[in-house]
Structures are given as C-alpha cells and as structure tokens.
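J.: This is the structure I want to talk about, given as structure tokens.
Only the coordinates and a few stated rules stand behind these numbers; no lab work does. Keep in mind that what you see is a predicted model, and the values were worked out from it rather than measured. So basically every Cβ, Gly included, is an ideal-geometry build from the backbone, and we count neighbours across all protein chains shown.
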C-alpha cells in the first residue's frame, strides 16, 4: 500500500498523444477542401450547367449556387460527399472538445450549446446528402434548420469563450458577418424568385458561398481555444481503472485579458502603426513603378504606329538598363543615400499626364521614370542582400504593388487610371474624356513620399565579417561559396526572363483569359467576372513565395513548365488553368530570384537581367510586327518560341537557386510584415469580389429601334485605342457609338492584350457601358493586330479565322451568327493585308468570299478593312468579295472609299453615312462608316443562278432619296451635320443641296408609294 492508504499502481504508460487543436485544423482543411475542390471541378466540367437555373442561363447567370455545385453532377457531387463524410469525425469531436473546455459547475449553458452543435451537424448532413434535385423540401428544411441552429451555436460559443480573448474577438467579427450576410442573401433570392431578374441568382450564390466560408472560418477559431490542450492515451496497467478527469474551467484574470487584448487584430494594427504606414507607402510606391513600366511600351508603340515604321523612340525601351550605373561605387552610394530623390523621380512618370503635347516629351519623362525605378529597386535589393528579412520585406511590397496595379485595372475595365496616357481632365478644347484618376494618384503618391521623407531609415550595415574590406563589391558575397560566372549568367538571365514573363502575361487579369478565348458559345472564362481568379492565382503565388522548400523543388518547376505549355496549346478552361498555374509559379519565384541575383555585382547582373527582359520584350512584338522590324521573319508568328524561351531562361535561373533543407525558410519577412501582407492579400481579394458585384450586368442588351426591326452596323479601325496625341480613347469611342445608335460594330486593330498595347481589352469598357455582347476575336497568341465584334443582338456562334498570309501580316477575321429579331444573320469582321502583298490580299479575299458564299441564303453583313478602290477588278479584293461572296455594296456610287467597306445580303438597306474620326485630337486615323438595315419579316427574294454566273451589281436599283421620305427611326441624328458632335460630322457624301450628309435609300416601289402618300396628304391639307 502506498502512504496514506493510496493504492499502489504502476506509473501510467503513455501510449499516444494528440494536440486537440489538430481536430480543429483537420475540420477546417477537410471542410474547406470539400467545398472549394467541388467548386473547381464543377466550374471546370459543368460550368454552364451549374450556373443555369429555371429562368436564366449563361452569360446572364455567371456564378453557381452551392446546391447546384455540390449536388447535381458527377463527379463533383460524389467527391464532395466523400470529403464531407470524412469531415464528420472531426466535426463531432470539435463539438465534444468545445463542451469539455467550456462546461461550468451548476450551469446548463455549455450543455445546451453542445446539443445545438450536434443538431447543427446533423442538419448539415441533411442538406449535404439530400440535394435540392433529390428532394427540394427536405433539403430546404435541413438548410433552414442549420442556419437557425447557428444562432445559439455561434452566440453561445462566443459567450463561453474565456481562455483566449483573441478567439472571442474573431468569433464576434465572423458571427456578425455571417448574420449580416443573410440580409443581402434574402434580398437577391427574392429578386431571382419573385422578380426573375437576370443575374440575381449569381449574386445570391456569391453570398451563399460567403456564408459557407464564414461558417467554416468561425469553427476554425477553435484552433486558438485548443492550443494548450492535448489528448493522451495512457496504459494504467493490469487491474487499473481510469478515474474521471475533472476539468476545471480556465480562469482568465485581468492580466491575462490584457495580454490577450494586445494580441487582437486591432491591437496589432495599433501596435504597428509606424510599420503599417511604411508598408502601405512602400506598396503604393511599388504600384507607381509598375504603372510607369506598363505605360512605357504602349507610348513607344504609339510613335511607331503613327509613323508606320521604326521612329527612333524605340531606344527608350532600354531606359530600364539604368542599373548598369551601379557599377560605379559613388553612384551606388548616392542612390542608396537618396531614396527620397529616386522615388520623386519615379513619381514624375505619374505626373507626366500634365504634359499635353503629341506625346514626345511625355514619353521621355516616363522613360526617365522607368530608368530611375529600375535603378532604385536594384540598388535597394542589393543593399539588403545580407539581410534576408529586410530583403524579403522589400520584395514583398514590390509584388504587392503589382497585385494592386492589376486590381486597379480589373476595376477600371483593364485600364490603369494612373497611367500618363489617361487624364482626369474634362477639357472641351480637346474633347477629352479618358477616365483617369490621376489627381487621386498624385495625392496618394504625395502622402507616400511624405511618409518616406519623415521616416529616418538608417542604411543597412553589412555583417561585421565584411567590414574588413573597404570595397563591398569584393568581399560581400556569401561565405558559403564564391559565385561563378555560370551562376551569374543563370541568376541574371533567369531574373530578366521572370520579369518579362510577369509583365507579358500577368500585369492584367484578363491577358491569360484572352489567350484562352475561342468565341461563342462561351466555353471558357471571361474577363468579367473570372479576372478575379487570375488575381487569386497571383495572390497565392505571393503567399507561397516564402515557402522556399516548396518553390525551389523540382516538382514546382515541372508544374510551372506544364502550365505554360497548357496555356499555349489549349483553349477554354484548360488554357486558363495552365495560365493560372504559371502565374502562381512566376510570382512565387520572385523573392528567390532576387536573392540569387543580389549575390553578384549589381551593375553587371541587373544590366544583363534587364537586357534579357528588353530582348524578350522586342521578340514578343516581332511575332506580329515582323514586316516593320529588322530580321522580323525570324520570329514571324512564333509566340511559342518567345514563351518557351522565357520559360527556359526562368528554368535556367531556377536551377541556380539554393535549396534549403526540408521545411526551411530562409527569406522570412518580419512578423509585422507577414501580418500586413496577409491582410493585404485578403483585402485585395475581397475588393476584387466587390468589383465583380459592381460590374455585374443587370439588363439584357437590346437594340436601339426594335419597333422598326432596324439594324445599325458599323466598321471602324481604331488604331489600338490611342488617339492622335497619345491619349487613351475608349470612352470617346463609346460616346460616338452611343450617339450614332450603333447596334453592331466591328473594331479593327483592336488587340492590345500584349506588352506594347499595355495589356488592355478594348471591348470591356464599351460593352459594359453600352450593354453589348463582345467577341474579342482571335487571341493574342494568334499573332494578329486584332478584330473585335460588339453587338446588341445575342451572338449564337462565332468562329475565328486566320486568313491566308504567305508574305504579309497575318489577317484576322470573325464569322459570327446573330439572332436579329428572330432571324439568323451572319456578320463577318475582317482586316485584310496592305497593298504591298497582292497575293496575300487575293487569298484573304477569296477566303472571306467563301465564308460569305457558304452562308447563303442567310442574310450577311460584311464589315471589313479592305484597302482597295471601289469596283476594282481582280485580283483586287473588291470584285472578289462582291461577286464570289454573293454580296451587295452598301453604296456602289460612293467612289471616295479606300480602306473600309460595308457589304450586305438579304437585308433592306435604308441608310448609309461616313462620320469623321473625331478631332482635337483625332481618335484614330480612319473614319467611322455606318449603315442602317431593316430585317424583313419574310426572306428576301435573292438573285437566281448565283452560283453559276458572276453577279453584277445594277446601279439603277440604288435609289437615293431625300431624308424626308424615310421614317424617323431610319434617320441619322442631325447633330452630326455641320461641325458635328465632339468632332464627329458627316463627310464626303453629298446630299441634293450639296452639303455632306447621310444617304437614304428606297426601292422604286417604296419611293413611288411614299410620294403618292405624301401627295394625298398635301391634297387633303389644301382642301
């Protein structure tokens, strides 16, 4: 017997132990993966099916509900149910552990909360395993029960939280957010169910998914409660019986509460005010750098385009080679000692919009700012090479600045509102309206510069071992190994290729979406709303960038290379998925590549890196502009070479990276930086979701004059949406399209989803503002200057064509079928080659004629850039398109045309006009041609024997009539007469009084009937 009569048992033997917090971790990971994996599979396999409801389908509905995602289709339904079944174990254990931790003597509240938790778990099983398609009523009852039981569960769990004040704070925030989300959830469900509003169910679904995430996040807070608890399995020996464990409730004294309060989110933010302010200012100044870097190429390209060749301004692209100056020790010391001065010079690029010339001075200011930015960042990274924590922080804000610039473009229709080609000035003398927010950018930049000026930031001192040398160039390399020329080459070329890859594909959320685009019906992502997924992939890359054991692994490199191949070789969701993987891969490597390049001399290493960046930059342009550059044929239409060369050089740099031991992290930001970075990434993603909500389509597109069955069609070569004085012109383009009441328009020279275009999307603003369907045409990887189609009528089907071009530029074409008042009408938008390549023009025209001929007898509208004189004989395009394509010229008597033509078949032509391109400054270098047609209720009687004989246009059938003879909907707005509207006015065509104006047409029968009716009215009036 033991002393005091205690039974003498052998000491218990510990069999196993398990941290209680692992239950909460397992529950969070399993439940989150169940929903998100099911969502990813559902979007990838059955997107259009799971967004469809009883009233609407895609594109009016664009986000799936939870029930449709998890319960309607194989394999996502089965995958979800397996994972959620596995989650049930941790779920019940979570409820039990919470009860044991919170139970009180003589208190029934913990037990009541635990019972509610158990019933809540069973209700979850009810709406998960009984889907709405199986039995709607039991599914809804279980769902409502779950939400109702969440009230006592969330409130009770929050009240019973005493051991961890931070847990109570988070539960209050998440619980409040959960119940607040119910209000818009119910509102949008009513909009869908009662008012049958298009798109309402998608918005309802967003709030539904938000509830799921908030619910899982609420339960995940148990990790904080259980961090000091452990489950142990003990072997007490033979004959022993386990005694009851008495769990005393934790007592949180006042000092404990103070300690916990200091760890809350608010306390952390207040405790790191200076650090947070520095983080925000550095992030914004990184945004300024990315703004300048992405603005410079389109400004240089503007000069080349308007001169139709090399203008000499192209040399400014190499301003990024400025880090070569760091080879001088004095310059390097000056740059490091004057961060404010360098940032002020960088900021000058954003202020350049104040320079209102034809772009020459503005371009040079921006180029100088880019040079200052590259010099500044290279010097600061090299300075921090011996301080991994500080280096990681600097690269982190640099990456976050990139994400912020992408978010700004996503919110502003792919346009950075701070670009120097944008302006927030409304200047009547220039008729400018670009949508810039430059003044706001200047104010924010001024605050960031003020913070930098007031903050005394001592220079980083090298480790004591390196102070023996007077020349830091020679002795400040890592002590583990001396850098070799091979590592220098790999680090520099790899970094340059990585910066190019990020600039090329990931400075806009829609670039990889444009690469994956293949027309209607839509089989892949669209810029809105799926650009937020691009931001998510990039944010994931930034979040993973400090996990060195992962991002330096061979498997990670294989994933990145595979993503690039899938992006190039496929279309639709597979291509976008490959691009998203490549984006995550690229952003995750940035800190590691910076660490590698800073081991070498800053002057030579960064010079070589940006030289490689510029060579790849030029190569990406040569794939399209080969006719205007030296040795362009070497890369003609070879985007694949450019992409795989960039990925190959990144792989070379990847092979040079230092691989830490398993789970090691060498580049770890300071704790405050990690908090700020995580919060910033979450805020960015929340803001991107808010952008999706704000830019949602609320109404279906509708034509301007449906009562008259009128179709107004137009063709316009928009010259890459940069006007005659280097200002972005999309908003002014939308103005004239709206004022001319255009229902269908073809835009040519419209592909600017490339570095020299600023990675923009011309169709986003116009289609959103004017409520039109958009087809952006052949993807940027197709190596054309672009063709786009905007329509007020539904686009049922569209195919993209690369017209035969053995010698000249690759010509794009869109062949679309539209539902026009219940009649299928084909629309062809095309850009033919120039006169320098007659064979190309003949082959391209022959192919276009085949497309239009094979559409017979459907009505067809041709909107094209042809470059030919009217009635020109073969091999000129005019005769081929008209005769072989079985088409009619909109006005054969108009002899003043040269570039643009409108042809038609099977429609009643009623009006035609040519509008000036706009002036002060001109929006583009070509006019806007517009034609009006009516769609007959019965098919028109077409010519016979058309396939056996050449079709000859009979000019006598084109009866021009006075405007007074045609009904009001058929007339053009009179505001375009005389000096016109915003610089757009009627030109060339002559009316009966000799003034420029539109032409109107009636057949002989219509004209006679109209004159007879007018005579009868006049006679009655006289009587």
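J.: Kindly identify the stretch 819-886 as rounded, prolate or oblate by the Cα gyration tensor criterion: order the square roots of the eigenvalues as a ≥ b ≥ c, call it rounded if a/c is under 1.5, otherwise compare a/b with b/c, prolate if a/b is larger, else oblate.
T.: Numbers: a/c = 2.47, a/b = 2.10, b/c = 1.18.
Note, shape of the stretch 819-886 comes out prolate.
J.: Give the Kirkwood hydrodynamic radius (Å, one decimal) of the stretch 790-943, defined as one over the mean of 1/r across all pairs of different Cα atoms.
T.: Working: mean 1/r = 0.0623 Å⁻¹.
With all distinct Cα pairs of the stretch 790-943 included, I get 16.1 Å.
J.: How large is log10 of I(q)/I(0) for the stretch 706-1021 at q = 0.08, 0.12 Å⁻¹ when the intensity is taken from the Debye formula with one equal scatterer per alpha-carbon?
T.: -0.34, -0.79
J.: Sort 703-712, 182-191, 582-591, 511-520 by packing, meaning the average of other beta carbons within 10 Å per residue, with the highest value first.
T.: Details: 703-712: 18.6, 182-191: 15.2, 582-591: 26.6, 511-520: 24.6.
Highest mean packing first, the order is 582-591, 511-520, 703-712, 182-191.
J.: What shape does the stretch 546-669 have by the C-alpha gyration tensor, where a ≥ b ≥ c are the square roots of the eigenvalues, rounded means a/c under 1.5, and otherwise prolate means a/b greater than b/c and oblate the rest? Provide the component values of the computation, followed by the final result.
T.: Values: a/c = 3.07, a/b = 1.38, b/c = 2.22.
Judged from the Cα gyration tensor, the stretch 546-669 comes out oblate (a/c at least 1.5, b/c at or above a/b).
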